[in-house]
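Input: a single structure, listed below in structure tokens.
The values are calculated or read from the model by the stated rules, or taken from the named source; none is laboratory data. Given the structure is predicted, the values throughout are model-derived calculations rather than measurements. All Cβ positions, glycine included, derive from the backbone under ideal geometry; neighbour counts span all protein chains shown.
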Amino acid sequence: MIDSAPTPATYTRVLLQATSAKKRAALLQGTGLNEDSLSDFDAIGADQQIQVFRNAQKIASDPTWALKLGQQLNVNSHGALGFAALSAPTLGDSLETLTAFARIRAPYLRFGFERLPDHYRLTVEPAFEVGDLDIAIDEIVLQIVDSLVQVVLGSMAPGVKVMLAYPPPPHAPDYAHYFSAPCEFDQAFSGMELPLSLCHVPCPLHDKESYVASLTRCRKALATIIDPADVVSRVRNLLASHFEQVAIGAKLSEAPQLESLASKLCMSPRTLIRQLAAQNSGYREILEEAQRETACTLLAQTRYTVNEIALLLDYSDGPNFGRAFRRWFGVAPGQYRRRC
């Protein structure tokens, strides 16, 4: 279950350090944790983390407690995910890395992204019911996103906005102190929007070796928290890992075939087909999904021609790739690239 998924204990430790000694027991109440045992754990349950947040909100004398926590969480707080995001080639790659692997740090959240005609949209929502913590969690998480964008851009650019799916809380005037980008309340979603052109801005800390190593660690961490019975997610993770390496130029081999994936999952090809079908899916469907996402990433870059992208995605030639791309998005790859 997602509400007991492993969650790094880092955020609870940071909160504990910021809490006065007389309130620390109250912060951990109902979690089964104590100060001594917490130092022995690398991870706690997502349900325990949510209870810690709930306790923090209950004992806080300052309504900006969540904003302050978000401000304290630097890159070292996010492990391999933080390093992968900072060492990515571009801001777009950085945000998509954050979206792809957010659940290894916060399994109680769902991240999503869209490349729209003129802007990029990142969305955040709870993965399960969190009650009255919606605002606090948005304040923590969106500050992390805001900080990442600020690091890459150097200063906040026009058109970048923090979007909040709730009315201004009483402490809304304090937001300007914590967020670099302007905040817009009463929106249809919580997240961030920025001009699509900013996705091409190079990350100043980009390092291919560090990025590849951090991505590998993130991918392995994600594999450990996927439900073993969720074969679709396991296959998706293996194919995503392959195309991730393709997108950064670290791997140019053919995509894993069904037989190879079955072997990695310790089952026969027939069993894999049957289990995917039981989840209303199939190898070809998941492969196309991975090809589609990688195509968008590669077209947003200028490193490869359309024909080269076709070959990287295991299409026999450019025209075949073009037909598939038009079926997916209704436009030719070249048109999509110009729009980026």
**Report entry** Among (1) under 24 Å from ALA300 (Cα atoms); (2) not assigned by TED's automatic domain parsing to the domain that holds ARG103 - the single one VAL151 does not satisfy
**Finding:** (2)
Report summary line: Of GLU139, GLU125, GLU129, the only residue that is assigned to a helix (DSSP H, G or I) and on the phi < 0 side of the Ramachandran plot is GLU139
Query - Subset of segment 163-188 (residues that are surrounded by fewer than 15 Cβ atoms within 10 Å (Cβ to Cβ) and touching a Lys or Arg at 6+ places or on another chain (Cβ under 8 Å)) - result: PRO182, GLU184
Query raised in the report: Out of LEU239, LEU276, LEU261, which single residue is surrounded by 13 or more Cβ atoms within 10 Å (Cβ to Cβ), closer than 22 Å to THR97 by Cβ and outside the structural domain of LEU196 (by TED's automatic domain parsing)?
Result: LEU239
Query raised in the report: Checking TYR211 against (1) surrounded by 17 or more Cβ atoms within 10 Å (Cβ to Cβ); (2) hydroxyl-bearing (Ser, Thr, Tyr); (3) at pLDDT 95 or above, which test does it fail?
Result: (3)
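Just to be sure before I move on: is ALA157 touching a helix residue (DSSP H, G or I) at 6+ places or on another chain (Cβ under 9 Å) and assigned to a helix (DSSP H, G or I) in the structure I sent?
no
Given the criteria aromatic (Phe, Trp, Tyr) and buried (at least 17 other Cβ atoms within 10 Å of the Cβ), does PHE128 qualify?
No.
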Report task. Could you tell me whether segment 158-178 includes any residue that is touching a residue at least 60 places away in the same chain (Cβ under 8 Å) and in contact with a His (Cβ under 7 Å, 6 or more places away or on another chain)? Result -> no
**Report entry** Matching residues, segment 215-271, being assigned to a helix (DSSP H, G or I) and β-branched (Val, Ile, Thr)
**Finding:** THR216, THR224, ILE225, VAL231, VAL232, VAL235, VAL246, THR271
